Amino acid sequence: MSNKQLSTAILCMAFAAMVACKAKPTDTQIQAKVSEQLSTMPEVTADVKDGVVTLAGNVADDATKASAEATVKSTEGVKSVVNNIMVTPAAPPEPPATTATNTADDTLRTGVTNISKDFPGADIKVDAGVITVTGELSAAKWKTLKQALDALHPKKVDASGLTVK
Amino acid sequence: MSLQDKYKELIDTAKSAGTSNLQVNEQEGVLHISGEAPSGAVKDNLWNIYGKIDPNFLSGDVVMDIKVATAVEGAKLEVVTQSSNLNVRKGPGIDQPVVGKAAHAEMVTLISKHSDQWWLIRTKDGEEGYAHSQYLRPVE
């Protein structure tokens, strides 16, 4: 077979494949349609394989879950729908107090990091605005450390686990 | 005995020594004392009284932040490290490169305060950089 005949044959095969595609929507085409139909539900994702659509994501209620499945089922070329959508009621907003404490803890931790390198005998931890010091320090060193820690405005400096020499 | 009673001598001394913006309030079992002392000596005295009432500051019932009013721009500061040199850094943070050292007990000049913790200083050799304020004591 000459090169010319070969390329003609390939072209024919390619054309035949395209015609076949027209007759039955490909997964890619189904995917495009399904995505379009689900555009009002951004929290739902769809995956198409051999005409089977798998839905996933998180929605607030059962009605939305059922509606997503119904919408997709009617799409041309869809053989079946696997509905893996999870129903998670909207989480209540996090209490602002917690966030404030966390931010405060970050500020405290930065301050503690700056200070702690000069006090190798002490282990300093920050939690919920409270600085906890454990380990062993000389009285003079501990006084310097306590002054530096108090200047960070913690809720409390807990040194009950500290040994002062 | 309330915390204000336990630390009455400390609070009274802070008041009588002319501590400005003195704030004393109790929150969740901890007495928070803050203010600005007129001199480094007053601050030292307040910490000594605190240490007398609560030996070694181990009760954890006081958080005291006394700043020194004389720590203003241009003020002389003494390097109060234990014995070692004080690192002078390019920026405010221990992750910043060290650009110089100030010797123990050396006098440096306060240029400005970046924060309560990090002060921009000039050493006697003319080096400028940031040092941690816990090692700098204003000199009267």
Do we have any residue at all in region B:49-56 that's buried (at least 19 other Cβ atoms within 10 Å of the Cβ) and aliphatic (A, V, I, L, M)? no
Within region B:75-84, take every residue that is more than 11 Å from chain A (Cβ to nearest Cβ) and open to solvent by less than 50 Å² (accessible area, probe 1.4 Å) and give me the one that is farthest from residue A:145 (Cα to Cα). B:75
Any residue in region A:27-39 that is farther than 13 Å from residue A:72 by Cβ sitting within a Cβ distance under 8 Å of a residue that is surrounded by 13 or more Cβ atoms within 10 Å (Cβ to Cβ) and not hydroxyl-bearing (Ser, Thr, Tyr)? List the pairs, counting only those 6 or more apart or interchain. A:27/A:48; A:27/A:51; A:28/A:48; A:29/A:77
Inside region A:50-63, the number of residues satisfying the requirement of being under 25 Å from the mean Cα position of the chain (by Cα) and either over 25 Å from residue A:89 (Cβ atoms) or crowded, with 18+ Cβ neighbours inside 10 Å (or both) is 4
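Per-residue answers, yes or no, for (1) closer than 17 Å to residue A:148 by Cβ; (2) modelled with pLDDT of 95 or more:
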| site | (1), (2) |
| --- | --- |
| B:18 | no, no |
| B:27 | no, no |
| B:38 | no, no |
| B:41 | no, no |
| B:47 | yes, yes |
| B:59 | no, no |
| B:66 | yes, no |
| B:72 | no, no |
For residue A:80: the one exception among (1) modelled with pLDDT of 85 or more; (2) of a type outside the set (Val, Ile, Thr); (3) open to solvent by 80 Å² or more (accessible area, probe 1.4 Å): (3)
Could you count how many residues in region A:109-131 are away from every other protein chain (no Cβ under 11 Å), within 20 Å of residue B:82 (Cα to Cα) and of a type in the set (A, V, I, L, M)? 2
When you go through (1) more than 14 Å from the chain's Cα centre (by Cα); (2) more than 14 Å from chain A (Cβ to nearest Cβ); (3) of a type in the set (Ser, Thr, Tyr); (4) crowded, with 20+ Cβ neighbours inside 10 Å one by one for residue B:109, which number turns out not to apply? (4)
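The values are calculated or read from the model by the stated rules, or taken from the named source; none is laboratory data. Remember, predicted model here, so these are calculated numbers, not experimental data. Virtual Cβ from ideal backbone geometry, glycine too; neighbours counted across all protein chains shown. Areas reflect the complete protein model, heavy atoms only, side chains present, ligands, DNA and RNA absent. Shrake-Rupley method; radii C 1.70, N 1.55, O 1.52, S 1.80 Å.
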